[in-house]
Structures are given as structure tokens and as C-alpha cells.
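Notes to accompany the following structure.
The values are calculated or read from the model by the stated rules, or taken from the named source; none is laboratory data. Model, not experiment: these values are computed from the prediction. So basically every Cβ, Gly included, is an ideal-geometry build from the backbone, and we count neighbours across all protein chains shown. Heavy atoms of the whole protein, side chains included, go into the accessibility calculation; ligands, DNA and RNA do not. Shrake-Rupley method; radii C 1.70, N 1.55, O 1.52, S 1.80 Å.
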Amino acid sequence: MATEQQIKAFTLPAQTDPPRSPRETLPTMYDLPSEDPKEPGLPDVFHDHQPQLLLETFQPPAYRPDRFFAASDLNLYYTLQNPAWYKRPDWFGVLGAQKLYDDRDMRLSYVVWQEGAAPYLVIE
């Protein structure tokens, strides 16, 4: 979780109707520091292997490949009541979400209330 000072320093832009894209309104994982200020930010030796294995094996049979999304170390915004709060899990998978924004752009964050689908599985 970002510190109170970091949250106050970040100001969310005003939303519109229809809502603006999360690409325009929320910071990406490159904009904010680690959620734990004591964390050195250095991954262990398995940090790259574990998410890669999960990405390769997360194949829900009831969903077409373009209708589920999996990511590692991506900001996950989870509550509209505190829109600057986020987690950055090692890996998460979402059922019923498109892999790409508008079927063409890579995701830089995942915003639960705008996507309409919460993660099915989260691994830290």
C-alpha cells in the first residue's frame, strides 16, 4: 500500500461521463514506489520463473484465450472508495477480461471497477 504522503502527492484527475480510461486517470506501476517502503525492491532468484510458469499454465478451459487476462507485477486498483489504493501482486489472473485494451494496447494497470471483473486468482 502506498504511504499516506504518496497518496496525498498523487491527485486523481476528475472523471467524466462516460468514465475516462484508466490509462488516462491512474498511475502505472512505473509512477509509484513500492507499496512497502522497507522493501528493497530486489526479487529473489525465482521471481521471474514463478510468474512465467503461471502465465504459461493459466488456461481456463471455459474461456476463449482472448477472454482471460493474467499479469505479473502490474498495479491492481481494487476499490473505487479509495481509487489511489493499489496492490502489485506477483501474479494475478482474471476471467472474462480482455488481454489487451481495445484489443490492441498492452495494459499498464488493471482497474477492477472499470473492467467489471475482479481477479479470480492472486498470488503474492
Q: Inspect all residues belonging to the range 68-76 and state whether any of them is outside any loop (DSSP other than H, G, I, E, B), open to solvent by 60 Å² or more (accessible area, probe 1.4 Å) and either farther than 20 Å from P27 by Cα or among the acidic types (D, E) (or both).
A: no
Q) In the range 77-110, how many are in a strand (DSSP E or B) and either open to solvent by 60 Å² or more (accessible area, probe 1.4 Å) or modelled with pLDDT of 90 or more (or both)? A) 9
Q | Count of residues meeting criterion [among the acidic types (D, E) and within 18 Å of P19 (Cα to Cα)] in the range 82-104 | A | 1
Q | Residues located in the range 111-122, provided they are closer than 12 Å to L76 by Cα and assigned to a strand (DSSP E or B) | A | V111, V122
Q | Index of the failed condition, F92 passing every other in (1) touching a residue at least 60 places away in the same chain (Cβ under 8 Å); (2) touching a Leu at 6+ places or on another chain (Cβ under 7 Å) | A | (1)
